[in-house]
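**Q** Below you'll find the structure I mean.
Coordinate-derived values only; no laboratory data. Predicted model only: the values in this text are computed from it and were never measured. Cβ placement follows ideal geometry from the backbone for every residue including glycine, while neighbour counts extend to all protein chains displayed.
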Amino acid sequence: MSFYDPKSYLKVKISLNLIKFLTPPTSQTVENIHTFPTFAIADYINLQTNFRNSDMKTTALTAIHESLGAKMVPFAGYNMPVSYEGVIAEHKTVRDGVGVFDVSHMGEFLITGPNALELIQKVTSNDAAKLVDGQAQYSCFPNSGGGIVDDLILYRLDAEKWLLVVNASNIEKDWDWISSHNTMGAEMRNISDNFSLLAIQGPKAIEAMQSLTSEDLSAIKFYTFKVSDFAGIDHVIISATGYTGSGGFEIYCKNNEVEQVWNKVMEAGSDWGIKPVGLAARDTLRLEMGYCLYGNDIDDTTSPLEAGLGWITKFTKDFINADNLRKQKEQGPERRLIAFELNERGIPRQGYDIVDGNGKVIGKVTSGTMSPSLGIGIGLGYIPPALKDVGTRIHIQIRKKAVPATVVKLPFYKG
C-alpha cells in the first residue's frame with residue numbers, strides 16, 4: 001500500500017519536524033501539522049505537490065478541495081485536504097457552528113447473510129447482539145496477541161446486513177483479518193472504493209441541514225442512523241456519529257452522488273456559516289475529546305483495557321483473545337492510557353518521554369497538541385497504573401526541559 005518512493009524522500013533535505021510525514025502511511029500521518037513551523041509546512045506542501053498523481057488515490061471531491069485552495073497532503077494512500085483557511089479557524093468553526101469534512105478515504109465493508117452476526121461477534125470486542133436495526137456501535141478488532149487490529153464503527157442495517165467502517169490505513173489489513181476468521185461462511189464485500197463519507201459536524205448541524213431531508217434530524221439520537229433521502233439523493237445513510245465531540249452527522253452515499261450532496265450541503269449551510277474543514281482540525285477536535293487515534297493511542301501492541309476501552313470489551317460473549325483479556329482485567333493492566341495538561345507553556349508531541357520528578361522515563365506521549373479551545377498543551381500517553389489517578393503530577397520531556405503536567409479527567413474540552 002506504499003504510495004511514495006522512499007529513496008527519493010531520503011534525498012530531500014527538510015526539517016526534522018517533517019520526518020513523521022515520510023513514514024509509511026498510517027492514520028497518524030498528519031498528527032499535529034498545525035504545530036509545525038510555518039516553513040516546515042510550506043516545505044512539505046511544496047514537496048508533496050511534486051508527487052505523481054498516480055502515486056495516490058483521490059476521493060470524488062478532490063477537484064473541489066483543490067479549487068477551494070485546500071492544502072493537500074498524502075494520508076493513508078490518499079491525497080487529502082489537511083486544511084483550508086487554517087487549523088485554528090476550522091477548529092473553532094466546528095466547535096461554535098458547523099463544518100464539513102470529506103473523510104471518504106475511510107473503509108467500508110458489508111457483511112451479510114445468516115452467519116453475519118456470528119462472524120462479527122467473533123472478531124469484535126463489543127456485543128453486537130444488543131443492537132437493533134438503525135443502531136451503531138463503537139468497537140475494536142482484538143488480535144491474538146493482546147493488541148488491537150483496528151477500531152471501527154458497526155452499523156446494523158438489518159439482522160443479516162451489517163456495515164463496518166474502518167480506518168483508511170487499515171483497509172487491507174482489516175479485510176484480511178476478518179476474512180481469515182470467516183470460518184462460518186458469512187458473505188463479505190469490500191465497498192470502500194465505491195462509497196463516499198461526509199462528516200457534517202458542529203452544534204448548528206441539525207438546523208443547517210434540516211432542509212435537505214424529510215427526516216427529523218433532531219430525532220436521530222447519538223449512535224443511531226436512518227437510511228433516507230438527503231440532498232436530493234435517496235437511500236443515504238444519515239448517522240448521528242462523529243469524531244469531534246460537537247455533534248452532527250456522517251453521511252454515506254455513492255461516489256457518483258457525493259458532489260451533489262457536497263454542493264447542497266454547502267448551499268444549505270451558508271446561512272449558518274458552514275465551511276470546509278481539513279484533517280488537521282479533525283485531529284485537534286478528537287484529541288480535545290480524548291478519542292483514540294489508531295496508530296498513535298492504540299495499535300497492535302496496546303490492549304483495549306490499557307487504552308481505557310474496557311467499556312467496549314464485553315466478556316458476556318466469546319471473541320478473539322477474550323480469555324487473555326479477561327485475565328488482564330482480573331490482574332490489572334501493566335500500563336494505562338492517561339490524559340494530561342501541561343502546567344507551563346509548551347507543546348507535547350507524539351513520542352516525547354513522560355518522566356517523573358527525578359527525570360526517570362515512565363512512559364511516552366501518544367498524542368499531543370496545543371488545544372485551540374483551551375490554549376494549553378494537552379496530550380495522551382501510557383504510564384504505570386499507580387500514576388494514573390487524576391491530579392497526579394508528571395513531566396513531559398520537551399527537548400531539554402521537563403515540563404510539569406497534571407493527569408486530568410477526559411474530555412479536555414467540556415463545552
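**Q** Which value, in debye to the nearest 20, gives the size of the charge dipole of region 239-315 about its Cα centre, when Lys and Arg are +1 and Asp and Glu are -1 at the Cβ?
**A** Result for region 239-315 is approximately 180 debye, rounded to the nearest 20.
**Q** Sort the following peptides by mean Cβ neighbour count (other Cβ atoms within 10 Å, averaged over residues), highest first: 209-220, 343-354.
**A** Descending packing order for the listed peptides: 343-354, 209-220.
**Q** Over what distance in Å are the Cα centres of region 371-415 and region 312-369 separated?
**A** For region 371-415 versus region 312-369, the Cα centre distance is 12 Å.
**Q** A further question on this structure: Ratio to report: Rg/Rh of region 334-415, with Cα atoms as the point set and Rh obtained by the Kirkwood method; give two decimals.
**A** The Rg/Rh ratio comes out at 0.93.
**Q** Residue 345 label point, 7 Å along Cα→Cβ, cut-off 13 Å on backbone N: hits in region 377-414?
**A** Correct set: 377.
**Q** Can you sort 288, 330, 306 by how many other beta carbons sit within 10 Å, fewest first?
**A** Fewest to most other Cβ atoms nearby, the residues stand as 330, 306, 288.
**Q** Compute from the Cα atoms of region 141-274 the Rg and the Dmax, the latter being the longest Cα-Cα distance, and quote both in angstrom.
**A** Reported Rg and Dmax, both Å: 16.5, 52.
**Q** State to the nearest 20 debye the size of the charge dipole of region 334-415 about its Cα centre, where the only charges are +1 on K and R beta carbons and -1 on D and E beta carbons.
**A** So the dipole magnitude of region 334-415 works out to roughly 120 debye.
**Q** Could you tell me which label, among (1) 75, 49, 34; (2) 76, 53, 41; (3) 61, 51, 45, carries the value of Cα extents along the principal axes in Å calculated for this structure?
**A** Correct label is (3).
**Q** Next question. Just name one of 214, 375, 91: the one whose Cα is farthest towards the positive end of the charge dipole of the chain (beta-carbon charges, Lys/Arg +1, Asp/Glu -1).
**A** Going by the Cα projections, it comes out as 375.
**Q** Now a separate question. By count of other Cβ within 10 Å, fewest leading, how are 62, 406 ordered?
**A** 406, 62
**Q** Aspartates and glutamates within cross-link reach of residue 122: Cα-Cα under 12 Å, excluding same-chain residues under 8 positions apart?
**A** Result set, ordered by chain and number: 318.
**Q** Treat every Asp and Glu Cβ in the chain as -1 and every Lys and Arg Cβ as +1, leave all other atoms uncharged, and give the resulting dipole magnitude about the Cα centre to the nearest 20 debye.
**A** The dipole of the chain has a size of about 1560 debye.
**Q** Residue 264: which lysines have alpha carbons under 24 Å from its alpha carbon, excluding same-chain residues fewer than 8 sequence positions away?
**A** 71, 92, 204, 221, 226, 254, 275
**Q** If you rank 227, 87 by fewest surrounding Cβ atoms within 10 Å, what's the result?
**A** The order, fewest Cβ neighbours first, is 227, 87.
**Q** Please give, to one decimal in nm, the separation of the simple spin-label points placed at residue 263 and residue 330, each 7 Å out from Cα toward the Cβ.
**A** 6.2 nm
**Q** Moving to a separate point now. At a Förster distance of 56 Å, what's the computed FRET efficiency of residue 358 paired with residue 172, Cβ-Cβ distance as r, to 0.05?
**A** 0.80
**Q** What does the extension gain come out to for residue 406 and residue 289, with contour length at 0.36 nm per residue minus their alpha carbon separation?
**A** This chain segment gains 40.5 nm when fully extended.
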